[in-house]
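The next block holds one structure in the form of structure tokens; read it before the comments.
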Amino acid sequence: MENYKLFLYYLNKKLDSHFEEQKPYIFCKKGCAKCCQNAEFPYSKLEATYLKLGFVKLDNETRELVTKNIAKIKKEKMEFKGDKFLYTCPFLIDNVCSVYDYRGVVCRTFGLISVRDDTTANLPFCHNLGLNYSNVVDHETNKITSEKWLQTGIETEPHGFKDISYDYLTGKDFEEKFDIKFEEKRPLIEWL
Ligand code: SF4
Ligand code: SF4
């Protein structure tokens, strides 16, 4: 676990610098937790193990609330008939992450633009809600345009990052560099 903590330290530094650089386009605030809702939340075994360390440190009342949330989501999942079961993260209590310091990789990258290749960029979904990057997205094309950017008068160019995709951050390069094993990946609820 010590090596994973070093990896998280490295990741936080990298993401802090990305968020700082893209600050004019970031509208994240404590209490805005739309990215913790209606999703699958991919987690590796290593991330889930670390998250559980955060869970056991919670006070009794919060632990009980999270436990109730987990039971409710699992029941809904069992009754679900569709292809992709989406849910609100059970660790979200009063719109705040109860295990913030222990959250997984995907949770740390919420809000930035992830770039897969030269033509594909994943904008944070919340640009549609008037949040991150909404000030530079052309809502007809769902793309960031130079015109929109120039209209803002902001000097820093809005852009995405190739090095923040979940697969990249939990891939072989980092396993070797930090001597860690992420192991199997599943939706978070399946680890609980
Ligand atoms: S990423 Fe979007 S939804 Fe999530 S906290 Fe930031 S602004 Fe809110
Ligand atoms: S672990 Fe925390 S940050 Fe991640 S989805 Fe759950 S509540 Fe949100």
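Read-outs throughout are calculated quantities, based only on the coordinates presented, and are distinct from any laboratory measurement. Every value quoted in this text rests on a predicted model; they were computed, and no experiment measured them. Please note: Cβ atoms are built from the backbone with ideal geometry, for glycine as well, and neighbour counts cover all protein chains shown.
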Set of lysines with alpha-carbon distance to Lys72 below 21 Å, sequence-local pairs under 8 removed: Lys34, Lys52, Lys81, Lys84
For region 80-87, 3J(HN,Hα) per residue [Karplus equation, 6.51 cos²θ - 1.76 cosθ + 1.60, θ = phi - 60°, Hz, x = Gly/Pro]: 6, 10, x, 8, 10, 7, 10, 7
Filter on Lys29/Lys143; Lys29/Lys77; Lys30/Lys74; Lys74/Lys185 - keep pairs with C-alpha separation over 20 Å: Lys29/Lys143; Lys29/Lys77; Lys30/Lys74
Residue-span extension gain [Met1 to Asp59] - 0.36 nm each, minus C-alpha spacing: 18.6 nm
Within a Gaussian network of the chain (alpha carbon springs, distance under 10 Å), most fluctuating of Glu79, Glu64, Glu140: Glu140
Distant-in-sequence amide H partners of Val137 (H built 1.01 Å from N, under 5 Å): none
Region 1-140: relative contact order as a whole-number percent, Cα under 8 Å and 6+ apart: 33 percent
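Given DSSP loops and a limit of at most 16 other Cβ atoms within 10 Å, what is the longest stretch of the chain that contains no such trypsin sites (Lys or Arg not before Pro)? Display every interim value, and only then the final one.
Numbers: sites that count: Lys29, Lys30, Lys57, Lys81, Lys84, Arg116, Lys181.
My reading of the result: 117-180 is the longest stretch.
So if we plug the beta-carbon distance of Lys84 and Thr49 into 1/(1 + (r/R0)^6) with R0 = 25 Å, what FRET efficiency do we get, rounded to 0.05?
Details: r = 25 Å, r/R0 = 0.99.
Efficiency at R0 = 25 Å is approximately 0.50.
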Region 181-192 - phi-based ³J(HN,Hα) in whole Hz, Karplus 6.51/-1.76/1.60, Gly and Pro as x: 10, 6, 6, 4, 10, 8, x, 3, 4, 6, 8, 9
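Please compute, over every Cα-Cα pair in region 2-191, the percentage with a separation greater than 22 angstrom.
Cα-Cα pairs of region 2-191 separated by over 22 Å account for 52 percent.
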Calculated from backbone phi, Karplus (6.51, -1.76, 1.60) coupling profile of region 110-115 in Hz, x at Gly/Pro: 3, x, 9, 9, 9, 10
